[in-house]
């Protein structure tokens, strides 16, 4: 009887579990990077270990349940694990392993494929122009507009729309009725010096990778699309909120090079005030902001930043001057802060997780990976970096204050 470790207890783990023949194998442990899961028993029976504890377990094979191969390879790097012991369940032929029911696996794969094609068919009339959607100008045009006019930017993605609709989608921001009302008001605003950007999800998706396009279709169901369209103005010109995600989701990676060059033109010789989460560390140990004249930082809570919104706003007013370029990455709080600062006469850019995208672009990653020392909001199990390495003196000198 083979001893099996199941690696990852996410969305697909139950399907993998159903394909294991427990008459010919025994699950001796579960590995998951999420510290909260490590404190629980999976299926009320199997102990969940951290990756660091794997050497304590005697096993024959590791069955990986997730789709992200490179992410798992990063997690197991440096551990005493033989390659032939690792089975990437969804990415390799499992028929040689008698303890895996490969026929049942194929049924699950076909069911998943069927759901994907159903969503593609349902979305096709919008993707091929039979039905219209909001007017959205490209990210390149957005950055050129910021550069030429000095306007501010407020971005709206799934998280902001779900906040308006009263649904929680972002792990780092609780539902807040006041925040929801403010975000909705800003979406409907028409200030001359403020650009409103929404995600370019509503029409043709050919420019995106299959994975990214299918994720958009999975979120933007017919019902969800109706909810969004009730919030949007069909005659208004919006800009592309994916200006902060120029790399990972696109087929043409040249797109990212063009976007980052435009950001560099905006940043060049400017005094930058960074308003960010404690572990975001924008531009740290990379060249994203190397052309700036100076960089100063206000560090804010990584989670539920809106709960201390007044403190954040007052700190920005205290430290910024009217010539500063203020970059903000705080989820929906950034949308509101950029708007309020623009009203007060500052130039403020809500730029999301641009730094993560830049890191992946520089390494030419094929999928989202952890970034040592930085939070990665799109990798839920890596909310906060676990490294205790002290920050370099240059970064420390840039910090004006920390808001708790």
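Summary table below
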item	result
Global form of region 144-217, assessed from the alpha-carbon gyration tensor, a/c cut-off 1.5	oblate
Those residues of region 185-207 whose amide nitrogen sits under 15 Å from the label point placed on residue 235, 7 Å along Cα→Cβ	190
Sites residue 268 and residue 210 - FRET efficiency at Förster radius 41 Å, r taken between beta-carbons, to 0.05	0.70
Net length gained if the chain between residue 81 and residue 279 were fully extended (0.36 nm per residue, minus Cα distance)	68.2 nm
Convex hull (Cα only) mean projected area of the chain, reported in nm² to one decimal	20.8 nm²
Separation in nanometres of the label points that stand 7 Å from Cα toward Cβ, at residue 144 and residue 307	4.4 nm
Fraction of antiparallel bridges per DSSP, the chain only, in percent to nearest 5	10 percent
Among 70, 359, 192: highest mean-square fluctuation, GNM of the chain, C-alpha pairs under 10 Å	192
Label zone at residue 321 (point 7 Å along Cα-to-Cβ), backbone N below 13 Å, region 274-309	294
Size of region 254-387 as Cα extents on the principal axes (Å, biggest first)	41, 32, 23
Potential extension, residue 294-residue 218 segment - 0.36 nm per residue separation minus Cα distance	23.2 nm
Region 107-158 versus region 226-255: alpha-carbon centroid distance in Å	5 Å
Solvent-free Debye scattering, log10 I(q)/I(0), computed from the Cα coordinates of region 89-210 at q = 0.14, 0.17, 0.20 Å⁻¹	-0.87, -1.04, -1.18
Computed FRET value (nearest 0.05) for residue 191 with residue 364, which takes r as the C-beta separation and R₀ as 41 Å	0.60
Spin-label model distance (nm) - residue 73 vs residue 114, 7 Å beyond Cα toward Cβ	3.3 nm
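Bear in mind that the values in this text are calculations on the coordinates, not laboratory data. Predicted, not measured: the structure shown is a model, and the values here were computed from it. FYI the Cβ positions are ideal-geometry reconstructions off the backbone, even for glycines, and counts take in every protein chain you see.
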